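Here's the structure we're looking at; comments come further down.
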Amino acid sequence: MLKRVLNKWKQYKYRFVPWIAFNLKDRSVREVPKGADDAIISNETVANFLQSFFKSLHEKETSNTKDRHTVFKESLNIMMKHLGFVTERQCSLLENGGRGVFVTRGTVPAKTIVSMYPGAVYEQYEPIFFQSLGNPFIFRCIDGVLIDGNDKNLSKLIYKSCQGRDRMGPFLSCDSTWLTESPHNPLAVGQYVNNQSAKHPANVAYQEFDVPSDFPLQLLKYIPNVHYGARTDNTTHDRLMRVVVLVSTRDIQCGEELFSTYFTVVQ
């Protein structure tokens, strides 16, 4: 029992922000081939993909009142029709891996966005200590920006408190349905993608993307991220939202689980 706990902590501690803060020589990174940058696909491709898919979701919306589960099922059908595949959360193939993300319908072509990493976005100088306690869903971007993808406890409360703050008139500025089991944007399950292992090599990779200021306002409601910090007089009117997408590194068949390139190194 003790050995199992120690092994679990050994893997988890590298994503535990307070531990990292006191052990700066150890850090978690994404696996990027030597000489390559972080981008698998271009920013233009990411923007076009998201706009196209979000537009298909938006066009199918109606004013009729529907329960959340019905909307979710419709979103999955739109995903299949528009993208040619569906991804959903299921029990992971990894021992003690909890939940993972699987391709449940269709086939994912290489270099295709399969998921988004949802959550509150923290700049390097913003406090996240208490949110990070016991939280394995903190994602570190290359520049030090953090995304808290936990859909429970304090993290959930903080996200919900921030979601209405940046609303622009009649337009929602983000999506909060990823906090439930039935997200309106079915891509917003990236926080449940498990890390690669020796037995299960990575088939998706993380890619950072700043949503451009000219992104259609009516489609922002599908972005599963919100700024933790409020806009101030010192911030520009077109403050960009950081999102992280997961991009397939090869063709992924129906029934396969997604495994990411987020892994641990010790320096």
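Points to keep in mind about this one:
- Number of the condition not met by residue 70 [criteria: (1) open to solvent by less than 80 Å² (accessible area, probe 1.4 Å); (2) within 20 Å of the chain's Cα centre (by Cα); (3) free of Cβ contacts under 8 Å to residues at least 40 places away in the same chain]: (2)
- Any hit, segment 215-226, residues being in contact with a Ser or Thr (Cβ under 6 Å, 6 or more places away or on another chain) and either over 23 Å from residue 70 (Cα atoms) or open to solvent by 30 Å² or more (accessible area, probe 1.4 Å) (or both): no
- Verdict on residue 185 being out of contact with any helix residue (DSSP H, G or I) (no Cβ under 9 Å at 6 or more places or on another chain) and either over 21 Å from residue 69 (Cβ atoms) or open to solvent by less than 10 Å² (accessible area, probe 1.4 Å) (or both): no
- Matching residues in segment 23-41 - criterion: being modelled with pLDDT under 95, part of a loop (DSSP other than H, G, I, E, B) and open to solvent by less than 60 Å² (accessible area, probe 1.4 Å): 23, 32, 36, 38, 39, 40
- Selection count, segment 94-120, where residues are at pLDDT below 95 and out of contact with any Phe, Trp or Tyr (no Cβ under 9 Å at 6 or more places or on another chain): 3
- Residues in segment 138-182 that are charged (D, E, K, R), open to solvent by less than 60 Å² (accessible area, probe 1.4 Å) and at pLDDT 95 or above: 148, 151, 175.
- Qualifying strands (runs of 3 or more DSSP E) (wholly inside segment 163-264; at least 3 residues being touching a residue at least 12 places away in the same chain (Cβ under 8 Å) and touching an Asp or Glu at 6+ places or on another chain (Cβ under 8 Å)): 204-211, 241-248
- Tally, over segment 193-202, of residues that are touching a strand residue (DSSP E or B) at 6+ places or on another chain (Cβ under 9 Å) and either buried (at least 24 other Cβ atoms within 10 Å of the Cβ) or basic (Lys, Arg) (or both): 1
The values are calculated or read from the model by the stated rules, or taken from the named source; none is laboratory data. In this text, all values refer to a predicted model and were calculated from it rather than measured experimentally. Because the Cβ atoms are built from the backbone with ideal geometry, glycine has one as well, and the counts that use them run over all protein chains shown. Heavy atoms of the whole protein, side chains included, go into the accessibility calculation; ligands, DNA and RNA do not. Shrake-Rupley method; radii C 1.70, N 1.55, O 1.52, S 1.80 Å.
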